[in-house]
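Please read the structure below before turning to the comments.
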Amino acid sequence: MALQTRRDRREKQKQRQKQRQRQAPSSRMNQLVIGVVAVGAFLLAILGLRAAGVFEPPPAALDLSDSRFQVTSGQTIGTLEPDMGNPHIPVGQPGHYNTEPPTSGEHWLSSAPAAPAPWGIKDAWLPREVTTHNLEHGGIVIGYNNLSPAEVDQLKSIVRALSNGAYRKIILEPYPSLTDSKVALTSWRWLLKLQSVDDIQVVQFVRVHYSDPNYAPEAQAQ
């Protein structure tokens, strides 16, 4: 009986060993597949980050005192548009405008959504009825569309440099409806459209039209 038991144990050990040998190639194949998938995912992540401009060098700091940003006396920056007035309309009611983006006209007065909106760089488009109220307060609204990640970073860098100085009342936002240019700068009754990020024209437009009491109805409002 003991002899039979030992033979049974040896037979079972042989069977388990054969089973492990059969499973080993499958296990190695699974490990290989997992390794290939991991490497592929890593490469795709790198390509995605590169496309998003993560590895691009940061834009150079902007020196607003540079002479190239100065505006000569009598120089016109942008196009003067007809005045559409500044009536308040109920929240949710669409305004009617003579330019895209608007430079004057109907707008909301509201706390939800905030109209005028807080100043600064936005990641999403704001309703025109909101930002037109910002224009009424003498601010500058800059919209962009179809820019590369590097160009967006460049534009944000310009706005940060301006906002950290004497030009706090600026909104920068993506503007999907902008189809005839890539950048549009607006103040009350003034419009400048650009086909690329031009730091000189952006800075000059802001300097000339920021809180201008000759145009903005409430230029001194915050």
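The values are calculated or read from the model by the stated rules, or taken from the named source; none is laboratory data. Just so it is clear, the structure is predicted and the values come from calculations on it, not from any experiment. When we count neighbours, we look across all protein chains shown, and the Cβ atoms used for this are built from the backbone with ideal geometry, even at glycine.
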Notebook entry, point to check: Got at least one residue in the range 156-172 being more than 21 Å from the chain's Cα centre (by Cα) and either aliphatic (A, V, I, L, M) or not assigned by TED's automatic domain parsing to the domain that holds L80 (or both)?
Noted result: yes
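The rows are residues; the columns are (1) in contact with an Asp or Glu (Cβ under 7 Å, 6 or more places away or on another chain); (2) closer than 18 Å to L172 by Cβ.
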residue: P87; (1), (2): yes, no
residue: Q93; (1), (2): no, no
residue: P113; (1), (2): no, yes
residue: R128; (1), (2): no, yes
Checklist line | Criterion violated by N164 - all others in (1) without any contact (Cβ under 8 Å) to a residue 60 or more places away in the chain; (2) under 15 Å from E136 (Cβ atoms) satisfied | finding: (2)
Notebook entry, point to check: Do we have G138 as of a type in the set (G, A, S), closer than 25 Å to T76 by Cα and touching a strand residue (DSSP E or B) at 6+ places or on another chain (Cβ under 7 Å) here?
Noted result: no
Note to self: Among the residues in the range 96-106, are any polar (S, T, N, Q) and free of Cβ contacts under 8 Å to residues at least 24 places away in the same chain?
What the structure shows: yes
Next item on the list: Could you tell me whether any residue of the range 201-218 is without any contact (Cβ under 8 Å) to a residue 60 or more places away in the chain, touching a Leu at 6+ places or on another chain (Cβ under 7 Å) and assigned by TED's automatic domain parsing to the domain that holds N86?
Entry: no
